[in-house]
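As structure tokens, the structure follows; a few thoughts come after it.
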Amino acid sequence: MNHLHFVDGDGSFTLSKPENVSYLYFPLASETGMKSSVTPNLGGDAKLDQETFLLEPVSAENLHNNRSVRNFWLAGPEGEVFSAAGASAGQEAARFTPAQDDSAVTAGLMWHTLERDWKDMGLHTAVTTFCPRRDRVEIMLVCVHNRSDQPRRVTPTAAIPLYGRSADNIRDHRNVTSMLHRIWTGDNGVMVRPTMSFDERGHRPNHKIYYVWGCGPDGQKPEGFYPTVEDFLGEGGTYLHPRAVLEGRPGAAAGCTAEGREAMGAFRFPAVTLAPGQKAEYVLLLGVEDSEADIAAVWEKYGGQEKALDALESTRADWLEKVNVRFATGDADFDCLMRWVCFQPFLRRLFGCSFLPHHDYGRGGRGWRDLWQDCLSLLLMDPGGVGRMIEKNFGGVRIDGTNATIIGDGDGNFIADRNGIARVWMDHALWPQMTVKLYIDQTGDVAILNRQAPYFKDAQAMRGTRIDPEHRPEQGCWQRTAGGEVYAGTILEHLLIQQLAAFYEVGRHNIYRLRGADWNDALDMAAAHGESVAFTCAYAGNLRELAGMIRLLQRSTGAASARILEEALVLLNDQPEVLDQVEAKHRVLEQYAGACSHTISGRQVEVRLEDLAASLEKKASWLTAWLQGHEWIDAGDGQGWYNSYYDDHGRAVEGIFPTGVRMMLTGQVFAIMGGVATDAQVGQITRSADRYLYRREIGGYRLNTDFHELKFDLGRMFGFAYGEKENGAVFSHMAVMYANALYRRGFVQEGWKALKSLADTALDFDTSRIYPGIPEYFRADGRGMYHYLTGAASWYMMTMITQAFGVRGEAGDLLLEPKLTAGQFDEKGRAMVSVTFAGRRLTVCYENPERLDYGSYRIGAAACDGAELCAGSSSSLLISRAMVEALPAAPEHRITVTLC
Ligand code: G1P
């Protein structure tokens, strides 16, 4: 098997014969909308959005066929041909034989180079692909190098099929939409402008031009064009066997046109003779613009070898700087892996959850929980502006505590559910609060709780169970008062309404209802009677933390009270007869949501912060006791765990069944994180998880055991083969949250085991078969799936920084509380992390000369840039924000902490 290895300290890696590994793809994107994926044969696709695909959309299964690759052909004088992409019939036929080309992919953050050797000719090709940050273009730099001792004469041809339309037309009207194409060539390349965007609900005129332009050495222009697929392939030709190249057809002149055909960005350059050692360089630009003048402007910026090389260098440098978290531990490969993990949150922001080959669903954009979790990593890497983003995102909360589920481009742009299908994911209220908590801790800006935001309004009322008959689209998307004013409440009020309205929406077992699903999207078939114990535990933790934030607000601002919407007062009810009784809870919820189903009073009342905090704590305690009393499964032998769900028949899902043990990780994660599981129970849970869920060789903790049942009364996940996605895969996001929860509770070795197992498998290329990074999940045979776009990356990075290294904000101050294990220190006993905090670049270096393990060391001394911070012995060190802010504006400061 070919091995992947790192080639520098920034995570750049190389892999030989990459085309012999299936399903590999690499992401490239600009910050202005270009989103590409590129495979070892330069397949993959490129698009701006669902409607605007430059290259034909691909799913994972299209990656094997090398149909629409970004090809670059070389033809020799005797009719021999070679594809720099490795995508020719001859090269395909030679795969896995000794005649196979030598090839390698080398890639780093946002750039990808494919090298190949044309052995017979002694020619070497290198194709580097990247997207400059601020344009909607993908650039290919092709270098042909004569490494033989003979002069070599070749004719190069660029050949990139231009799809130029909506992804919806990949099958629906594929042929009809090609009839819309108007194709023409200019001096530098091929352009296609479809006459309209085809949409039977209403066709729209189209102005976008899709193009491939190119030039050769010294700005040399193409000499012959093949602007349609048919021109290029010839009758009976194929993409791997195109007659234009094989037969040396001259092509049409610049200025030719075609219409009603599939477009092809294909053109050939004049033949070139390369002396031994000589190179010829070609630049190709692939993009989408609104006019030919705009294309010319992009060409002006990048259309030449030097310009493209400059752009490559600055793109590389910019991304290395943007991903500004660095780790240096005892394991250099792990540190390199972390460069990619810290890069992944950027990818998720650029790609959303769609648009890479495995992510062949959705139409762009991000879901609610993803939106909030992506803020976590932003807070650690690029915190400026996150506060504003958070405020805007709160505008997506409805007054009944549910939220908009369609999120448009740009912050605070929420779209009403058009087709009236209401789905409420019961976990949604959880994530905004987690983000606000981290925000307050990292920035100290507790006053964000007092800032105002509107509430989202659409036709959904009563937590998505009814339609508001009085709602009209022209009333807009903001909640109004009876007087017609747009209502705004504080962020604190939003949080309270989210947490408290959810508290009363319980099922038969007095556990929060599952509704449409929770974090696990695939638990989508128990909307009537399903209950999520897992997230009830999580909400218990949230209620407690919200109380903590309120007390902090009280302490730091001196405020004694807050104003909240009058109707919301009922939600503060904490009478025992309400807490214990399902029907009583429903009455409270009906009363509140009923009063808010169309307009609200807009009146606010003053509530003491102390009373608010006490009410939340009372509810949290009640939940904790209830969960401990009803949901713990004692499996004997020092093992036990929490039941995570009730199915649509109201039956507990976990336990010891005739078909075997049924255990799910989700319930354990939140029982631990939410403080529901006692310390003794955490020990029992970890023992059970190790016994029933852990498989080291495929990434560690699986999401569940095999239920051997379809369970139509719980969700589609049980229809998946066991080990795939939400049915028992090692689902990285949940495994990382498990680690995070364990660290928080002081179970450090156990937490590190969960993180390390994921990292080890990701880095074990023979098993994971993915480029470095953390995939959404590892399936039953260990292959990494749905690579790159996963919330797991944000959580992994956050857990490493704030828990393992213990470098985190506490109400704005900087806390250092290392929870590193002995093996995480290098041979000199050092472990370092570089982060941004309070506007300063800080490298925190833990020195542990004796390589003591967690639990046996304490902080003995600490210094910042050589000046003593403390001496003595403690498990953590708090450095005031003022002190960090007072550090001079040097590029970096070093905090050295000695452990002994
Ligand atoms: C994905 C989704 C996430 C969902 C999860 C489980 O996770 O993006 O919203 O909660 O599946 O169904 P991710 O790939 O982000 O880890």
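The values are calculated or read from the model by the stated rules, or taken from the named source; none is laboratory data. It should be emphasised that the depicted structure is a prediction, and the values quoted were computed from it without experimental measurement. Heads up, the Cβs are rebuilt from the backbone with ideal geometry, glycines too, and the neighbour counts pull from every protein chain shown.
Values as computed for the structure displayed
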quantity	calculated
Any pair with Cβ under 7 angstrom, 6 or more apart, that starts in segment 721-736 at a residue that is closer than 12 Å to ARG783 by Cβ and ends at one that is aliphatic (A, V, I, L, M) and away from the ligand (no atom under 11 Å from the Cβ)	GLY723/ALA780; VAL730/ILE698
All strands (runs of 3 or more DSSP E) inside segment 77-154 with 1 or more residues being under 37 Å from the mean Cα position of the chain (by Cα), farther than 30 Å from MET34 by Cα and of a type in the set (Ser, Thr, Tyr)	none
Residue match in segment 776-788 (condition: over 24 Å from THR705 (Cα atoms) and either away from the ligand (no atom under 16 Å from the Cβ) or among the aliphatic types (A, V, I, L, M) (or both))	no
Counted residues, segment 102-141 - those being of a type in the set (Asp, Glu) and buried (at least 21 other Cβ atoms within 10 Å of the Cβ)	2
Residue satisfying all of: in segment 347-370; among the hydrophobic types (A, V, I, L, M, F, W, C) and within 10 Å of the ligand (Cβ to nearest atom); surrounded by the fewest Cβ atoms within 10 Å (Cβ to Cβ) among these	CYS353
Which listed residue is polar (S, T, N, Q), closer than 21 Å to ILE440 by Cβ and either modelled with pLDDT under 95 or in a strand (DSSP E or B) (or both), from THR836, THR843, THR802	THR836
Selection from segment 189-238 of residues that are in contact with a Cys (Cβ under 7 Å, 6 or more places away or on another chain) and surrounded by fewer than 21 Cβ atoms within 10 Å (Cβ to Cβ)	LYS221
Unique residue being more than 16 Å from the ligand (Cβ to nearest atom) and over 24 Å from GLN591 (Cβ atoms) when the list is GLY410, GLY483, GLY396, GLY464	GLY410
Residue pairs meeting the criteria (Cβ under 8 Å; at least 6 apart or on separate chains; first farther than 30 Å from GLU485 by Cα, in segment 436-454; second basic (Lys, Arg))	ASP441/ARG808; GLN442/ARG808; GLY444/ARG881
Checklist (1) within 16 Å of the ligand (Cβ to nearest atom); (2) within 26 Å of ASP445 (Cα to Cα) applied to GLY489, failing item	(1)
Residue in segment 723-734 that is among the aliphatic types (A, V, I, L, M), modelled with pLDDT of 95 or more, more than 24 Å from GLU61 (Cα to Cα) and in contact with a strand residue (DSSP E or B) (Cβ under 9 Å, 6 or more places away or on another chain) present	yes
Pick from segment 799-825, criterion among the hydroxyl-bearing types (Ser, Thr, Tyr) and more than 16 Å from the ligand (Cβ to nearest atom), ranking: nearest to VAL436 (Cα to Cα)	THR802
Single condition LEU569 does not satisfy, out of (1) out of contact with any strand residue (DSSP E or B) (no Cβ under 7 Å at 6 or more places or on another chain); (2) aliphatic (A, V, I, L, M); (3) assigned to a helix (DSSP H, G or I)	(1)
Any hit, segment 337-346, residues being within 15 Å of the ligand (Cβ to nearest atom), farther than 26 Å from TRP111 by Cβ and in contact (Cβ under 8 Å) with a residue 40 or more places away in the chain	no
Some residue of segment 621-636 being touching a residue at least 24 places away in the same chain (Cβ under 8 Å), farther than 18 Å from GLN498 by Cα, in a loop (DSSP other than H, G, I, E, B) and polar (S, T, N, Q)	no
Condition check for TYR796: farther than 15 Å from ALA739 by Cβ and within 16 Å of the ligand (Cβ to nearest atom)	no
Filter result for the condition that a residue is assigned to a loop (DSSP other than H, G, I, E, B), under 14 Å from THR106 (Cβ atoms) and either hydrophobic (A, V, I, L, M, F, W, C) or at pLDDT below 95 (or both), over ASN66, ASN2	ASN2
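Table: residues versus (1) basic (Lys, Arg); (2) at pLDDT 95 or above; (3) within 24 Å of the chain's Cα centre (by Cα); (4) not in a helix (DSSP H, G or I).
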{"position": "THR666", "(1), (2), (3), (4)": "no, yes, yes, no"}
{"position": "VAL669", "(1), (2), (3), (4)": "no, yes, yes, no"}
{"position": "ALA677", "(1), (2), (3), (4)": "no, yes, no, yes"}
{"position": "VAL682", "(1), (2), (3), (4)": "no, yes, no, no"}
{"position": "ILE685", "(1), (2), (3), (4)": "no, yes, no, no"}
{"position": "SER688", "(1), (2), (3), (4)": "no, yes, no, no"}
{"position": "HIS708", "(1), (2), (3), (4)": "no, yes, no, yes"}
{"position": "LEU714", "(1), (2), (3), (4)": "no, yes, no, yes"}
{"position": "PHE718", "(1), (2), (3), (4)": "no, yes, no, no"}
